[in-house]
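**Q** For reference, the structure I am asking about is given below.
Please treat every number below as a calculation from the coordinates, not as lab data. Please read all numbers here as calculations on a predicted model, not as lab measurements. Counting neighbours? That spans all protein chains shown, and the Cβs are built from the backbone with ideal geometry, glycine included.
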Amino acid sequence: MPEDPSPLLVRSPYGEDQTVGPLGPRRSPVELYAEILEVLRRRAGPCRVTRLSYAVGMPVDRTRRALAVLVRLGLAAPGGNEVTTWHLTPRGYEFLQTYGKLRSYFEPVEGYVLGDEPRPRSPKRPSS
């Protein structure tokens, strides 16, 4: 009699590809950092962590960890008198410009965007 698979091994309904989740392809860390910096750029002033997390679509605890990385890299800094607000540094602006330019080089290649792989087109369903 064949053994049952271990109850701890649960197959993902999204296949073997670990880069695809229930909402589509996962974002790379660089994409997440760029999105956070873009929100800070658009706000043009100090921004709280909660607003950042909503705008980027990440939990607050993960947003805080990402902000810690951005501060270590000199791309973001605590804003104003409060440590709970954040703003973009000049180096952060430079990163966004460079990142945007890099993305523009990849877009003409079959719809390839940094972090995304070209997706096969699904066949159209015949209308009934």
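**Q** Given 4 °C and 1.567 mPa s, compute D for segment 24-104 with the Stokes-Einstein relation, Rh being the Kirkwood radius over Cα pairs; round to the nearest whole µm²/s. The partial results should precede the final answer.
**A** Details: Rh = 12.6 Å.
Translational diffusion coefficient: 103 µm²/s.
**Q** What number comes out for the charge environment of T89, summing +1 per Lys or Arg and -1 per Asp or Glu over other residues with Cβ under 13 Å away?
**A** +2
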